[in-house]
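In what follows, a single structure is set out as C-alpha cells and then discussed.
The values are calculated or read from the model by the stated rules, or taken from the named source; none is laboratory data. All of these numbers come straight from a predicted model, not from anything done at the bench. With ideal geometry, Cβ positions are generated from the backbone for all residues, glycine too; neighbour counts draw on all protein chains shown. Just the protein is used for accessible areas: all its heavy atoms, side chains included, with ligands, DNA and RNA removed. Shrake-Rupley method; radii C 1.70, N 1.55, O 1.52, S 1.80 Å.
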Amino acid sequence: MIALVTGASAGFGEAMARRFVAGGYRVIAVARRIERLDKLRAELGTALLPVAMDVTNPASITQGLTDLPADWQTVDVLINNAGLALGTEPAPHCSLAEWTTMIDTNIKGLVTVTHALLHGMVARNSGLIINLGSIAGNTPYPGGNVYGASKAFVEQFTRNLRADLVGTGVRATNIAPGLCGGTEFSNVRYRGDDAAAAKVYAGTVPLTARDIAETAYWIAALPPHINVNQIELMPTCQGYGSLAIQRSGTA
Ligand code: 8X3
C-alpha cells in the first residue's frame with residue numbers, strides 16, 4: 001500500500017509519514033524542503049520516497065507525480081496535509097498577500113493534488129483521501145478570517161467528494177483538529193514570533209502531531225465499507241466559547 005503525504009517535512013505530515021511507514025505502508029513524502037525529507041528517508045529507509053513539490057504550483061505537482069518511479073505510481077491513500085495559517089489580526093488589518101497564500105495552499109493546492117490522483121483511484125475502485133481541516137472550519141473566532149474559511153472549504157469539499165464518489169469504493173475524510181502543539185503551526189502563524197507562538201499553548205496539554213497521525217492511520221486501517229466522513233478532535237482542555245455581543249452604552 002502506498003500513501004502520499006503532502007507537507008511531510010514537519011508537523012502532522014512528518015508524523016503521518018512515520019506512522020504509515022511503521023504500519024507497513026510505503027510513503028511518498030511530499031514537501032518543498034527536500035533536505036528535511038532526505039533526512040527522514042535516511043532515518044526511515046526505502047519505504048519513504050522524498051519528492052520535492054510545491055503544492056501552490058500546479059506545474060510542480062504534475063512534474064512530481066509524473067516523475068514518480070513506476071512502482072510508486074499507485075497511490076492508495078492521499079493525505080492532503082499541506083496548509084498554513086498566517087496571522088490572527090482582524091480582517092481589516094490583514095494582508096491580502098497572506099490571505100492569497102492561504103487560499104493558494106489550503107484550497108488550491110489541496111484541490112490540485114486531489115484532482116491529479118482522483119481519476120486513478122476511481123479507475124481502481126479503491127482509495128482514500130484524507131483532508132486536514134480544522135475546528136476553524138466550523139467554529140468562527142476572531143482573527144480566523146481566511147484561515148477558517150479555507151478550512152470550511154476543506155470540510156465541504158470533502159463532503160461533496162463523498163457525494164460524488166458513492167459507488168466508486170473511494171473514501172474521503174476530513175480530520176478537523178483543535179489546539180495542537182509541538183509543530184511549526186503557530187510559529188508560522190505568528191510569522192516567526194516564537195514567544196507569541198509559545199503563549200498559545202501555555203498551561204495547556206494540547207493535541208500532538210502523533211495524535212493526528214494515529215487518527216489518520218486508524219481511519220486508513222478501517223475496513224473498506226466504513227467511511228469516516230468527518231472527525232473533530234480537541235484536547236480535553238479546549239471547548240467551545242460563547243458568541244460576542246456588543247451592548248449599547250458599553251465599551
Ligand atoms: C488549528 C486549530 O484552533 O488554531 O487549525 O484554529 S485553531
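One table, with the values for the structure above:
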read-out: Where a residue in segment 148-172 is farther than 13 Å from N131 by Cβ and within 16 Å of the ligand (Cβ to nearest atom) and its partner, wherever it lies, is open to solvent by 50 Å² or more (accessible area, probe 1.4 Å) and among the β-branched types (V, I, T), with Cβ under 9 Å and at least six apart; value: A149/I103
read-out: Subset tally (residues that are more than 16 Å from the ligand (Cβ to nearest atom), over 24 Å from V154 (Cβ atoms) and of a type outside the set (S, T, N, Q)) for segment 227-251; value: 5
read-out: Some residue of segment 104-115 being in contact with a helix residue (DSSP H, G or I) (Cβ under 7 Å, 6 or more places away or on another chain), in a helix (DSSP H, G or I) and among the charged types (D, E, K, R); value: no
read-out: Close pairs from segment 66-89: first under 18 Å from G7 (Cα atoms), partner away from the ligand (no atom under 12 Å from the Cβ) and of a type in the set (D, E), Cβ under 7 Å, at least 6 apart; value: L86/E98
read-out: The one condition in (1) in contact (Cβ under 8 Å) with a residue 40 or more places away in the chain; (2) surrounded by fewer than 17 Cβ atoms within 10 Å (Cβ to Cβ); (3) away from the ligand (no atom under 11 Å from the Cβ); (4) more than 18 Å from the chain's Cα centre (by Cα) that P223 fails to fulfil; value: (1)
read-out: Output for segment 107-144, where each listed residue is within 12 Å of the ligand (Cβ to nearest atom), open to solvent by 50 Å² or more (accessible area, probe 1.4 Å) and of a type outside the set (S, T, N, Q); value: P140, Y141, P142
read-out: Filter pass, Y147 being modelled with pLDDT of 95 or more, hydroxyl-bearing (S, T, Y) and crowded, with 23+ Cβ neighbours inside 10 Å; value: yes
read-out: Segment 25-35 - residue that is open to solvent by less than 30 Å² (accessible area, probe 1.4 Å) and assigned to a strand (DSSP E or B) and, of those, farthest from D104 (Cα to Cα); value: V27
read-out: Out of D67, D104, D164, sole residue that is open to solvent by 20 Å² or more (accessible area, probe 1.4 Å) and within 24 Å of D38 (Cα to Cα); value: D67
read-out: Every pair of residues 6+ apart whose Cβ atoms lie under 8 Å, when the first sits in segment 208-220 and is assigned to a loop (DSSP other than H, G, I, E, B) while the second is of a type in the set (A, V, I, L, M) and buried (at least 21 other Cβ atoms within 10 Å of the Cβ); value: T208/A15
read-out: One residue from D54, D38 being on the phi < 0 side of the Ramachandran plot and surrounded by fewer than 16 Cβ atoms within 10 Å (Cβ to Cβ); value: D38
